[in-house]
Structure formats: C-alpha cells, structure tokens
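One structure is given here, and the rest of the page talks about it.
The values are calculated or read from the model by the stated rules, or taken from the named source; none is laboratory data. All figures in this text were calculated on a predicted structure; none of them were measured in a lab. Glycine also receives a Cβ, built like all others from the backbone with ideal geometry; neighbour counts cover every protein chain displayed. Each accessible area value is taken on the protein alone, full model and side chains, heavy atoms only, with ligands, DNA and RNA left out. Shrake-Rupley method; radii C 1.70, N 1.55, O 1.52, S 1.80 Å.
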Amino acid sequence: MDLGKQQIRFNCPECDFINSSTLEDVAAGKSVICVGCLKTIQLNDANGSTKKAIGDINSALNRLKDALNGH
C-alpha cells in the first residue's frame, strides 16, 4: 500500500464544491481544476509535512509487512 495514492477530498475555496486529489499531488504542490467552477486550485504542502508523513508511514508499513513475513 502506498499512502501517497490515497484520495483526499477538499472544498474549493471559491465555490465550496467538493473536489478530490491524491496525497502525492498535495506533496508535489500540483494544481487541480475545480469540477464545480473550473477555477485552478493550487495544492500546497507548505512545510513538507504531507511528503514527510507519506514517507514515514510507507516505511512503517513496509517494516510491518516484513515483520509479518518473518524477514
């Protein structure tokens, strides 16, 4: 499982329409187009916390998987 592939939902700051993207997109600071009003929404991982959390959790999941498989 890759946490970065997980979908998140967020409201458009312009029209409040619910949009979705992945945590990877947030970590990369990508732009998405609101499905409701077609405005561009700039995703922002200002302090890098999303990118760090994805890496930390993916590492922990891999260690758990290895432990469960007897490695």
### Task
Check whether at least one residue in the range 9-16 is outside any loop (DSSP other than H, G, I, E, B) and either among the hydroxyl-bearing types (Ser, Thr, Tyr) or at pLDDT below 95 (or both), and report yes or no.
no
### Task
Could you run through the range 1-16 and say how many residues are without any contact (Cβ under 8 Å) to a residue 24 or more places away in the chain, open to solvent by 90 Å² or more (accessible area, probe 1.4 Å) and not basic (Lys, Arg)?
2
### Task
Among the candidates Asp66, Asp25, single out the residue that is open to solvent by less than 100 Å² (accessible area, probe 1.4 Å), at pLDDT 95 or above, assigned to a helix (DSSP H, G or I) and under 20 Å from Leu3 (Cβ atoms).
Asp25
